[in-house]
Structure formats: structure tokens, C-alpha cells
Amino acid sequence: MPASPRRRRDRSPGRPQYRARTARRDAGSRSVLRHTGDRSSAGERIARKDQLRMAQVWVTVGGRRYALACKDGEEPRLQRLAATVAAKAVDVEATLGQTSEPRLLLMAALLLADELLEARDTLSAAAQTIAQADAARERLEQLAADLEAGATND
């Protein structure tokens, strides 16, 4: 008699793998399913879940709603960031016309990255100017101190 084909188990990456383990026989002879990667107690798992709970914010970008998670208290900032991206997406759509959502969001992200780099370059140039001005001020103070010292010695 030919061997029956073996059933393949679903091992997709998003699906946790479980295996049967027999529990200590304190409540009867039942087997317990336990996640293979989690060896912590139930109390520890509950405490971790409480620490990992995050606020959920709904934002609209490119005419589509997205649910995002953030730390408690960061909701207004996340909404402002999403509003900035949405405004940039509107600008891109006005310039390019109707385009696919991924392309629209990519172009909005590139324009925002360009603005960020320009702001960083401006900040860096301003920091260099301030450093040069501080060096010139220190040199002038040193010259003034030398003049006063020379005038007092005469």
C-alpha cells in the first residue's frame, strides 16, 4: 500500500508556529498549546503588552486614511506631520496631475527631503558664520586688551 502524502503545515512568516506540549498534570490530562518562542510567564506577557500599548491616530494623506500608532502624547505632532505630507502630496498632484498613490507619496517624500536638506545646509552655513563672528570678536577683544595694556604702560 503506498504511503499517504504528508500534509504541509503553513509556515508563512506572519503566522506564529505553535507546538503541542503536555502541561504538568495538575489540572487533568490536557495538552497545552504554547508559542515556541515565548517562554515567559503569563504575568510577564501581560506587563509587556501594557508597556507596548500605543495611541492610535487616523490620518489622511493623498485622499486615503491610514491608522498609525505612536506613543501617548505624540498624537498632535503625528497629525501635524501627516498634514505636512498631505499638503505636499496636494502640491505634487497639482503639478503632475492624477498619478498613482505610491508615486504621489514618493514625490511628496522627495520634496520634503529636499526641503529638509536645504534647511540643514542653511543651518550649517549659519553655524559657520556664527563661529567666524565669535572668532573675530575674540580677536578684537584680545587687540583691545593689548591696546589698553600698552596705554597703561606708557
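The values are calculated or read from the model by the stated rules, or taken from the named source; none is laboratory data. If you're wondering where the values come from, they're calculated on a predicted model, not measured in any experiment. Here the Cβ positions follow ideal geometry from the backbone for every residue, glycine too, while neighbour counts run over all protein chains shown.
Structure notes:
So that you can scan it fast, the table gives a plain yes or no per residue for (1) within 29 Å of MET54 (Cβ to Cβ); (2) modelled with pLDDT of 95 or more:
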site: ALA67; (1), (2): yes, no
site: ALA94; (1), (2): no, no
site: SER100; (1), (2): no, no
site: LEU117; (1), (2): no, yes
site: ASP121; (1), (2): no, yes
site: ALA149; (1), (2): no, no
site: ASP154; (1), (2): no, no
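- A search for C-beta distances below 9 Å between a residue of the range 111-127 that is surrounded by 10 or more Cβ atoms within 10 Å (Cβ to Cβ) and any residue that is modelled with pLDDT under 95 and of a type in the set (Asp, Glu), counting only pairs 6+ apart in sequence or on different chains, returns LEU111/ASP91.
- Selection of the range 81-102 for residues being closer than 18 Å to TRP58 by Cα and β-branched (Val, Ile, Thr) yields THR84, VAL85.
- Of the residues making up the range 92-109, those that are loosely packed, with under 12 Cβ neighbours inside 10 Å and in a helix (DSSP H, G or I) number 5.
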